[in-house]
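Take a look at the structure set out below.
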Amino acid sequence: MDLEFDDDLKAFQQEVRAFLDEQLTQDIRDATAKTTTVWVDKEVVMEWHRRLYRKGWIGYFWPKEYGGTGWSPTQQYIFLQECAQAGAPRLIPMSLRYVGPVIFTYGTQEQKDYFLPRILSGEHYWCQGYSEPGAGSDLASLNMRAVRDGDEYVLNGSKIWTTNAHVADWIFCLVRTDNSGRKQQGITFVLVDMKSPGIKVDPIITLGLDHEVNQVFFDDVRIPVSQRVGDEGQGWDYGKFLLEFERAGGASGEYKAAIQKLRRMCAAQVSGQVPLIKDPYFATELSRLEIGVMALEMTERRIMSSVAAGQRPGPEGSVLSATGVEINQRISELAVEAMDYYAAPLPPPSPSGMVNDDHYPGPSYGAAVMGKYLNKRAASIYGGAKEIQREIISKAVLHL
Ligand SMILES: Cc1cc2nc3c(=O)[nH]c(=O)nc-3n(C[C@H](O)[C@H](O)[C@H](O)COP(=O)(O)OP(=O)(O)OC[C@H]3O[C@@H](n4cnc5c(N)ncnc54)[C@H](O)[C@@H]3O)c2cc1C
């Protein structure tokens, strides 16, 4: 296992840093820092997406033959770490990490030719239609129907918690085409244009007053059979393939940047005459978080090293997800403790998810603290609830 970067990789790291210095503008960084939701406003993130596209780096994860960079897993890791530490918005994974790889692995030539260039250019912004009322952790219980009618499928049912469905151009869905076998059988993976007649998107406003998730209703929505990926009834396999990549992304760079910011906040906040950074409780908790992130980074590098040796990310991705979420939530809790009474006001976010601090009574660095804290409560649910991640770790990693 090789966890160190050689000279070529260090040179690559410098090249990424130089690009970030030049192209990641202060406007994009500020908008990202002020965002309380998981995903930064579409306009902002797509501006960043287009800058990477022009550089030829947007397909950081994709093979060259489909317009990707062809980077090694280690280069991808360095790229993600550097972007996160520099304060770049997270790229929309539903397009680049999820549906893109499913299409280039299982799609027809026609699907590859049509969809892949549009994902890379940013013309198509995707959302993910997996969960339904009654099918979340137990995803295979999904019920949304797709009934074949000649060269079309007719879709009826609903998807819930669909992030960014209100701004998406396309949705990929797991739908039920057969009920006769085991519940994992008879599931099919389809691609649906959000402008299709019969689709209705209802907002779900969260505890933090954000509009990030939605319920999407399908009422006799017709799609051509050519928008099915792979074989009918085999969608469970494609869906699982996608989830492996969902749980394998490196996040330690983002947490390191968040802890540095929290350190600055604790240096500015004073209790009595003493800055919080010198208070034993805050000093200990900050160190605890830093140690946790160092351990997480080592696990990321271990997984990256085995992927570089030709293996798939595998169930170990659940270790990253479970421990990363704990660190992420703890950072937001400590920020609330540090801001004390000034954490109590919840300035309403704008429709873009950015906090509006015009009337916030405290120092500006505290305005987004409560919004972020509330939004991060959902981190132990989306992308697989923490109990489920622990179940995967106990069975598939520890073989208990
Ligand atoms: C903010 C947010 C964004 C999301 N975005 C999307 C999206 O874009 N697309 C999409 O398809 N879905 C999305 N989801 C849905 C998400 O994947 C589900 O919420 C998640 O899988 C949990 O399912 P559930 O909500 O039905 O809860 P349930 O599965 O009903 O779980 C409820 C509780 O029971 C526990 N539980 C369930 N089963 C077990 C078990 N076997 N053992 C132990 N405990 C168990 C869970 O851990 C949880 O605490 C999003 C969710 C949130 C909160």
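Along the Cα-to-C-beta direction of Asp30, a point sits 7 Å from the Cα; which residues of segment 68-108 have their amide N less than 11 Å from that point?
In segment 68-108, the label zone of Asp30 (backbone N under 11 Å from the point 7 Å along Cα→Cβ) covers no residue.
Compute the acute angle (0 to 90°) between the alpha-carbon long axis of helix 42-55 and the principal axis of greatest extent of the alpha-carbon atoms of the chain; round to the nearest 10°.
On a 0 to 90 degree scale, this one is about 80.
Pop the C-beta distance of Arg182 and Gln109 into the FRET formula with R0 = 35 Å and round what comes out to the nearest 0.05. Walk me through the intermediate numbers first.
Values: r = 31 Å, r/R0 = 0.90.
Working from the Cβ atoms, E equals 0.65.
With all protein chains present, how much of the accessible area of segment 108-224 (probe radius 1.4 Å) comes from carbon and sulfur, to the nearest whole percent? Could the numbers behind the result be given before it?
On the way: 2530 of 5100 Å².
Whole-percent figure for carbon plus sulfur exposure: 50.
At a Förster distance of 51 Å, what's the computed FRET efficiency of Ile291 paired with Asp149, Cβ-Cβ distance as r, to 0.05? Before the final figure, lay out each step's value.
Values: r = 58 Å, r/R0 = 1.14.
The computed FRET efficiency comes out at 0.30.
For segment 244-397, give the magnitude of the charge dipole about the Cα centre (Cβ charges: +1 Lys/Arg, -1 Asp/Glu; no others), in debye to the nearest 20.
Working: 17 positive and 17 negative charges, 59 e Å.
Roughly 280 debye for segment 244-397.
Under Stokes-Einstein, with the Kirkwood radius over Cα pairs standing in for Rh, what whole-number D in µm²/s applies to the chain at 25 °C and 0.890 mPa s?
Working: Rh = 22.3 Å.
After rounding, the answer is 110 µm²/s.
Which one of Ser196, Asn214, Leu142 is farthest out on the positive end of the charge dipole of segment 126-242, using unit charges on Cβ (Lys, Arg +1; Asp, Glu -1) and the Cα centre as origin?
It is Leu142, whose Cα lies furthest towards the positive end.
Using 1/(1 + (r/R0)^6) with R0 = 30 angstrom and r between the beta carbons of Thr284 and Glu387, what's the FRET efficiency to the nearest 0.05?
Values: r = 28 Å, r/R0 = 0.94.
After rounding, the FRET efficiency stands at 0.60.
For the pairs Lys195/Lys240; Lys256/Lys278; Lys42/Lys372; Lys64/Lys195, note any where the Cα-Cα span goes beyond 22 Å.
Too far apart for the 22 Å limit: Lys195/Lys240; Lys64/Lys195.
Please calculate how many Å² of accessible area segment 7-121 carries per residue, with a 1.4 Å probe and no DNA, RNA or ligand atoms counted.
Details: 4920 Å² over 115 residues.
For segment 7-121, the per-residue accessible area is 43 Å².
Using the basic label-point model (7 angstrom from Cα toward the beta carbon), what is the Ser72 to Ala140 distance in nanometres?
In this crude spin-label approximation the distance works out to 3.8 nm.
For segment 126-242, report the accessible area per residue in Å² (1.4 Å probe, heavy atoms, rounded to an integer). Can you show the working numbers first?
Working: 4960 Å² over 117 residues.
Per-residue accessible area for segment 126-242 comes out at 42 Å².
Taking 0.36 nm per intervening residue step and subtracting the Cα-Cα distance, what contour gain separates Ser196 from Arg264 on full extension?
Values: separation 68, 0.36 × 68 = 24.48 nm, distance 4.83 nm.
Full extension from Ser196 to Arg264 adds 19.6 nm.
For segment 244-397, which whole-number percentage of the solvent-accessible area (1.4 Å probe, protein heavy atoms only) is attributable to carbon and sulfur atoms? Numbers along the way, then the final one.
On the way: 4350 of 7510 Å².
That fraction is 58 percent.
Only sites in a loop by DSSP and with at most 11 other Cβ atoms within 10 Å count here; which GluC sites (Glu not before Pro) in segment 89-173 make the cut? List each step's numbers first, then the result.
Numbers: sites: Glu110, Glu123, Glu152; in loops: Glu123.
Sites meeting the loop and neighbour criteria: Glu123.
The values are calculated or read from the model by the stated rules, or taken from the named source; none is laboratory data. As the structure is a computational prediction, the values presented were derived from the model and not from experiment. Cβ coordinates were reconstructed from backbone atoms using ideal geometry, including for glycine residues, and neighbour counts include every protein chain displayed. For the accessible areas, the whole protein counts, side chains as well, though only heavy atoms, and no ligand, DNA or RNA atoms are used. Shrake-Rupley method; radii C 1.70, N 1.55, O 1.52, S 1.80 Å.
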